[in-house]
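The values are calculated or read from the model by the stated rules, or taken from the named source; none is laboratory data. Note that this is a predicted model, so its numbers are computed, not measured. FYI the Cβ positions are ideal-geometry reconstructions off the backbone, even for glycines, and counts take in every protein chain you see. Heads up: the accessible areas ignore ligands, DNA and RNA and are worked out on the full protein's heavy atoms, side chains in. Shrake-Rupley method; radii C 1.70, N 1.55, O 1.52, S 1.80 Å.
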Amino acid sequence: MLYRENGQFKTSYAADQQIFPIAQDRLAIGLLLLVAFVVMPMTGSEYLFRAVLIPFLILALAALGLNILVGYCGQISLGTGAFMAVGAYAAYNFLVRIDGMPLIVAMLLGGLTATVVGVLFGIPSLRIKGLYLAVATLAAQFFTDWAFLRVSWFTNNSTSGSVSVAGLNVFGVPIESPVAKYLFCLTVVCVFALAAKNLTRSATGRQWMAIRDMDVAAAVIGIRPVYAKLTAFAVSSFIVGVAGVLWAFVHLGAWEPAAFSIDRSFQLLFMVIIGGLGSIMGAFFGAAFIVVLPIILDQVPHWFGIPLSTATTSHLVHMIFGALIVFFLIAEPHGLAKLWSIGKQKMRLWPFPH
Amino acid sequence: MGFFLETLFGGLMAGMLYSLIALGFVLIYKASGVFNFAQGAMVLFAALAMARFAEWIPKWLGFESLLLANLLAFIVAMALMIVLAWLIERLCLSKLVNQEGITLLMATLGISYFLDGLGQTLFGNDIYSINVGMPKDPAMILEGTFEGGLLISKEDLVAALISAALVLALALFFQKTATGRALRAVADDHQAAQSIGIPLNRIWVIVWSVAGFAALVAGIIWGSKLGVQFSLSLVALKALPVVILGGLTSVPGAILGGLIIGVGEKLSEIYLGSFFGGGIEIWFAYVLALGFLLVRPQGLFGEKIIDRV
């Protein structure tokens, strides 16, 4: 009743092609943005921002980037953490070495550096695919892990191996309080999500999907695999690089290479699988799920008076993630996003399913 | 010269151990087309089971003999790996028949996470030791030929011999037995193999059990060398470039790849490492494999993949 599109006629091409063609969806998204931008900053607690919302937004952004590569273009990557690290350290170097470098510009330059490195490690994808490529991207992971630990130039000769940034500001507005950090991340994520959504609907996005579904057939109908794969690597690593900058600068403040270890890569891949391969929405679902689950597992036993040790919790999280990944691959390969859209489909017919 | 040879031997021995883990990957890929990312987790799980059972069984049954404890622990751990293989087939693989390689790869990633958690929940997450009576002292050989002789770790030598024996046994198993033939048939074409009456399920259980066996042996050797702890599952990440270099479908490739990576790693660390600031062992294998892939995407002995629309 509430979710039915009777009488919503599209009278122009623009109306037919908009991202949310159904009025109720537009309303829901509008409300969501209102809550995110206005209500949350007024009501949220500091813990909520620091431990839940900021990591959620940044990891969702990284998952978004990875989803473009894995979900849309079918090039599996286990080196996401590496590209995040490249973005973070590059932005750090730009910020430290150039006087008066604005944060936004440093962030974009960090993203661009990640793009270059991503394309470089994407080149093998032209010759190899699938399993072999996964190993090739692992090379990026191990190489950057080593480089940022051993080559002191990258860390501006920091003796401890960890680097830190302070006094962030955008156009003179300081990004120090949790609310400011949250709003900054939220803005960046919204801009990138919108751009990514539109990109995946464009000709380039369709080429990615054609390559994903069957690369040989795509090449036969005139899609250039080189262009499609490398653009996917470029766009993906740009977004992942920016997410890396946010993670390091805004969330952590001070970090060392371990912040972008192989575990982070796996974590992001899991977000993409659980959230939904080939779905922008899925990146958010996946990130929310993976950020919130450990917190819940930490809290719930407390309420029932059976506190688990940290180690047990972490093992439990491992097991649940593992089981869920297998479950989702078997039962719903398109992840939570698909469940969501099935739910919406049902709502449109309710209460008269046919 | 003596130092160079020592490094070379060290590399060869380490390479043999990489091969042993790589073998697990190759076996499963060869017989079912699944790239088993969980091999590392299986090594950890098997080693944890072995270490803990060797400690628990004498307590439960009340005897002292180390040999008997190890033997019983080995049998129990092996039984556990077979149960695991059966469960993986039942709960996961049988439901993913005919899916794409990437889906299966991600499923094994899930299995790997699950096993990491399960193993440490069941067996604890401290550092355990496995004592199967491997000789620990280094041996001096060729003292007459070189000044100072060559220092060789007996432990590595024994490990290398065990790996070699295992490889030989597996090669014979694949080539000479009816089951081996069935495995190869399944690898070649699932549907064709099924249509002539080869039971796919049983083949998968067998192959995962064999991979579990390889994981157990690798786990025991690495575990008695380094101690059993979480980092053991990361050793498998070292075996990935070995598999890639050797070719995913080739047992000899896994061996040769392991030797090349082992030797390359040690030599590069010693002779090139100082130029890069050391620690290049971490990525050398990967970069070597990556460079090789660009020239020859199917690896040393891998089968060339031909795509048809």
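For the range B:262-279, check the following and say yes or no: at least one residue is outside any helix (DSSP H, G or I), out of contact with any Pro (no Cβ under 7 Å at 6 or more places or on another chain), among the polar types (S, T, N, Q) and more than 9 Å from every other protein chain (Cβ to nearest Cβ).
Checked the range B:262-279: no residue is outside any helix (DSSP H, G or I), out of contact with any Pro (no Cβ under 7 Å at 6 or more places or on another chain), among the polar types (S, T, N, Q) and more than 9 Å from every other protein chain (Cβ to nearest Cβ).
For the range A:111-130, enumerate the residues that are part of a helix (DSSP H, G or I), touching a residue at least 12 places away in the same chain (Cβ under 8 Å) and open to solvent by 10 Å² or more (accessible area, probe 1.4 Å).
Correct list: A:Leu112, A:Thr113, A:Thr115, A:Val117, A:Val119, A:Phe121, A:Ile123, A:Leu126.
If you check B:Gly253, B:Gly258, B:Gly219, which single one turns out to be surrounded by 20 or more Cβ atoms within 10 Å (Cβ to Cβ), in contact (Cβ under 8 Å) with a residue 60 or more places away in the chain, part of a helix (DSSP H, G or I) and within 14 Å of chain A (Cβ to nearest Cβ)?
B:Gly253
Return the total of residues in the range A:1-49 being open to solvent by less than 50 Å² (accessible area, probe 1.4 Å), assigned to a helix (DSSP H, G or I), among the hydrophobic types (A, V, I, L, M, F, W, C) and over 22 Å from A:Val291 (Cβ atoms).
Count: 2.
Having 3 or more residues that are open to solvent by 50 Å² or more (accessible area, probe 1.4 Å) and touching a residue at least 60 places away in the same chain (Cβ under 8 Å) is the bar; report the helices (runs of 4 or more DSSP H) wholly within the range A:261-354 that clear it.
Fully inside the range A:261-354 and qualifying: A:335-349.
Among the residues of the range A:88-102, is there at least one that is buried (at least 20 other Cβ atoms within 10 Å of the Cβ) and under 30 Å from B:Val235 (Cβ atoms)?
Yes, the range A:88-102 has at least one match.
Just checking, how many residues over the range A:214-244 are in a helix (DSSP H, G or I), without any contact (Cβ under 8 Å) to a residue 24 or more places away in the chain and within 14 Å of chain B (Cβ to nearest Cβ)?
Within the range A:214-244, residues that are in a helix (DSSP H, G or I), without any contact (Cβ under 8 Å) to a residue 24 or more places away in the chain and within 14 Å of chain B (Cβ to nearest Cβ) number 5.
Does the range B:44-66 contain at least one residue that is in a helix (DSSP H, G or I), out of contact with any Leu (no Cβ under 6 Å at 6 or more places or on another chain) and among the β-branched types (Val, Ile, Thr)?
Scanning the range B:44-66, I find no residue that is in a helix (DSSP H, G or I), out of contact with any Leu (no Cβ under 6 Å at 6 or more places or on another chain) and among the β-branched types (Val, Ile, Thr), so the answer is no.
Does A:Val165 satisfy being touching a residue at least 12 places away in the same chain (Cβ under 8 Å) and closer than 20 Å to A:Leu268 by Cβ?
no
Please determine, by comparing only the residues of the range A:321-352 that are of a type in the set (A, V, I, L, M) and more than 8 Å from every other protein chain (Cβ to nearest Cβ), which one is nearest to B:Asp116 (Cα to Cα).
If we filter the range A:321-352 for residues that are of a type in the set (A, V, I, L, M), which is where we start, we get A:323-326, A:329-331, A:336-337, A:339, A:342, A:347, A:349.
Then drop every residue that is not more than 8 Å from every other protein chain (Cβ to nearest Cβ), which leaves A:331, A:336-337, A:339, A:342, A:347, A:349.
Numbers: A:Ala331: 23, A:Leu336: 25, A:Ala337: 28, A:Leu339: 28, A:Ile342: 33, A:Met347: 40, A:Leu349: 44 Å.
Top of the filtered list is A:Ala331.
Against the condition buried (at least 16 other Cβ atoms within 10 Å of the Cβ), under 30 Å from B:Val132 (Cα atoms), modelled with pLDDT of 85 or more and not polar (S, T, N, Q), how does B:Ala85 come out, does it pass? It would help to see each step written out before you state the result.
Details: buried (at least 16 other Cβ atoms within 10 Å of the Cβ): yes; under 30 Å from B:Val132 (Cα atoms): yes; modelled with pLDDT of 85 or more: yes; not polar (S, T, N, Q): yes.
Criteria met by B:Ala85.
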